[in-house]
Amino acid sequence: MARCAAALAVVVTGVIAALGGTADSARGFSRWLGDCGPVTALPARTPHARHVTFSFAYAPKPLRSGEPVTWVVRVANPSPIWWHLEFAAPSPADVLLGWPSAPRVGGSTFARMRDVSYAWTLRHSADAGVNTVRELRPRTAFTCVLKDVLNVKPGRYKLLAMLNLATPGAPFYVRKTVEVSPTCGRPCE
């Protein structure tokens, strides 16, 4: 188990570093949560804050229809307070894409599921189970690395990356507009 955790930490370190994170954020071991890595200590140089932070990145840029994609969701607790986050099964995080003409995103959900062209959890759902609690001690963080193939038509989409929290809480989501380019006929540069 420790060997597996160490190997996965090396892979996650590479992904985080490629997306602009730090290798320190991928080290350590704790209880696993679905596609999320262990809770790890924040680097000493991380500024102190009063609240839990949520960040999101993806690769490659630009996104390409029919090509592999990696979504990275990171939750950090730079505060002096312990946080307990309760996740609804089956997945702790999700990424949704909807057409720009779809109704406005309200909070952490789209207005109607039919407005969603892509949802990471639709292809990666495990069996539903009991809710899982992840404890974030002061100065700790965890990262979820979600891999998939982006099978959507080329075009402009509304993107919603979020934590699937079981109870309402702080707004752990990111909304943005992204462009999905056509598939390359040859290796993309």
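A count restricted to the range 56-92 and to residues that are without any contact (Cβ under 8 Å) to a residue 60 or more places away in the chain and over 21 Å from residue 162 (Cβ atoms) stands at 3.
Table: residues versus (1) at pLDDT below 50; (2) closer than 15 Å to residue 134 by Cα; (3) not aromatic (Phe, Trp, Tyr).
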residue	(1), (2), (3)
14	yes, no, yes
21	yes, no, yes
26	yes, no, yes
39	no, yes, yes
43	no, no, yes
46	no, no, yes
75	no, yes, yes
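Evaluated against (1) crowded, with 16+ Cβ neighbours inside 10 Å; (2) closer than 21 Å to residue 135 by Cβ; (3) without any contact (Cβ under 8 Å) to a residue 40 or more places away in the chain, residue 53 falls short on exactly one condition, (1).
Among the residues of the range 144-173, the ones that are surrounded by fewer than 16 Cβ atoms within 10 Å (Cβ to Cβ) and modelled with pLDDT under 90 come to 6 in all. Residues in the range 110-143 that are open to solvent by less than 60 Å² (accessible area, probe 1.4 Å), of a type outside the set (A, V, I, L, M) and at pLDDT below 90: 110, 115, 117, 120, 121, 129, 132, 134. Answer yes if at least one residue in the range 71-84 is assigned to a loop (DSSP other than H, G, I, E, B), open to solvent by 10 Å² or more (accessible area, probe 1.4 Å) and either in contact with a Gly (Cβ under 7 Å, 6 or more places away or on another chain) or of a type in the set (A, V, I, L, M, F, W, C) (or both), and no otherwise. Scanning the range 71-84, I find at least one residue that is assigned to a loop (DSSP other than H, G, I, E, B), open to solvent by 10 Å² or more (accessible area, probe 1.4 Å) and either in contact with a Gly (Cβ under 7 Å, 6 or more places away or on another chain) or of a type in the set (A, V, I, L, M, F, W, C) (or both), so the answer is yes.
The values are calculated or read from the model by the stated rules, or taken from the named source; none is laboratory data. None of these values were measured; they are calculated from a predicted model. Every residue, glycine among them, receives a Cβ derived from its backbone with ideal geometry; neighbour counts consider all protein chains shown. When the accessible area is computed, the model is the full protein with side chains, heavy atoms only, and any ligands, DNA or RNA have been set aside. Shrake-Rupley method; radii C 1.70, N 1.55, O 1.52, S 1.80 Å.
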